[in-house]
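FYI, it's all coordinate maths here, none of it is from the lab. Worth saying up front: this structure is predicted, and the values here are computed from it rather than measured. Cβ placement follows ideal geometry from the backbone for every residue including glycine, while neighbour counts extend to all protein chains displayed.
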Amino acid sequence: MTMARLNGSHNTREWHRQTIRLIKETLPDLPVLLDIPGRKIRTVLLAHEPAFEAGDLIILTTDSQHDGSIKVPVNFDRFHEFMMPGLDVYADDGHLFFLVEEINGRDVHMRAKVGGVLRSRKGINVPQARFERPLVTRSDREMMAFAQENAVDYVGISFVEGAEHIAAIRHLMGRVPLGIVAKVENQGGLDNMAEIIGASDMVMIDRGDLAVETSPDLVCLFQKRILAAAQKQKAPVIVATELLNTMIEHPYPTKAEIGDITTAVLDGTSFLMLSGETAIGCYPVEATARLQQIGRAVSAYIKQNGWCSIAHPGPCSIYHCGPQSDPDGGWSLPP
């Protein structure tokens, strides 16, 4: 193993504390990456996760007293202030799609365009809105203290749009410096990728949020741009999201997924990350083995043909083994 990744937006602090302890007891020299919640908007922990059909009304609210049975609270208390009728709202990496119809006080009334279930702690994206949030939130301060207390090695920062965000996080660290993994996942991150890469220690291409916030048709081209920019600065990059999504439910990947992984390696990725495949999937071991096999095959091809566009040797595969309700916890394994 080369790194372990956990997502602080899911599960309890005690679960994370115990998991970090287990990792360090098992592999004392293994670096730990902890994603801190940051500015990403999510649903909160819900007692009731509403199921709905296309055409049903769903209400998001900033009133935290609700539990999901009537209204679904989100973790940004000014969310309603930036909403207006006609805005598109996406949830769960774009798998759910809504259209805002009305704002009533703290409530955002939306019409579902597809059916599904809105689950706890799922990301909410509104690409047309520009949210005004501080670079460092209260939960960031709490999670950073937790990260330092538990001696993790890296923290992951969501929705980074410039070097000033990274500087604010470094200032928060004080005298206990940690490595920073900056997640490029919206247009602001793309526009300022060079300075983000230069200011951080590693970059993650979160293709789920990036596709929803920009264009799913262009996300692979954006991935190429980020990888090329990182190579110029000799910065390591993690490519994440749906690498082997089919293997959540099936023992074999599609040829398109194998091609996606192959292209990422050829273009210079340093790490390949599995999420739901290993956290909630039926074939976590098989998915990890498959990812390693593909990485090995492409690396051998590069060496045999005497060329390499990769700035860092690799790639490594990141294996997520979070609790069954959390597709975002994780471990990493080398090829």
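Numbers for the structure displayed
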| item | result |
| --- | --- |
| Ascending count of other beta-carbon atoms within 10 Å, so fewest first, for 103, 196, 70, 124 | 70, 103, 124, 196 |
| Environment charge at residue 150 (Cβ cut-off 10 Å; Lys +1, Arg +1, Asp -1, Glu -1) | +3 |
| Which listed pairs, of 40/71; 71/255; 40/232, have C-alpha distances above 31 Å, in listed order | 71/255 |
| Gain in span if fully extended, residue 254 to residue 30, counting 0.36 nm per residue against the direct Cα distance | 77.5 nm |
| Rg to Rh, two decimals, where the chain supplies the alpha carbon set and Rh follows Kirkwood | 0.96 |
| Burial ordering of 288, 12, fewest other beta-carbon atoms within 10 Å first | 12, 288 |
| Proxy reagent accessibility, fewest Cβ within 10 Å first, across 44, 265 | 44, 265 |
| Length gained when the stretch residue 131-residue 151 is fully extended (0.36 nm per residue, less Cα-Cα span) | 4.0 nm |
| Prolate/oblate/rounded label for segment 51-125 (Cα gyration tensor, a/c 1.5) | rounded |
| GNM result for the chain, Cα springs below 10 Å: residue of 140, 209, 67 fluctuating most strongly | 67 |
| Sum of side-chain charges, residue 94 neighbourhood, beta-carbon under 15 Å (Lys, Arg +1; Asp, Glu -1) | -3 |
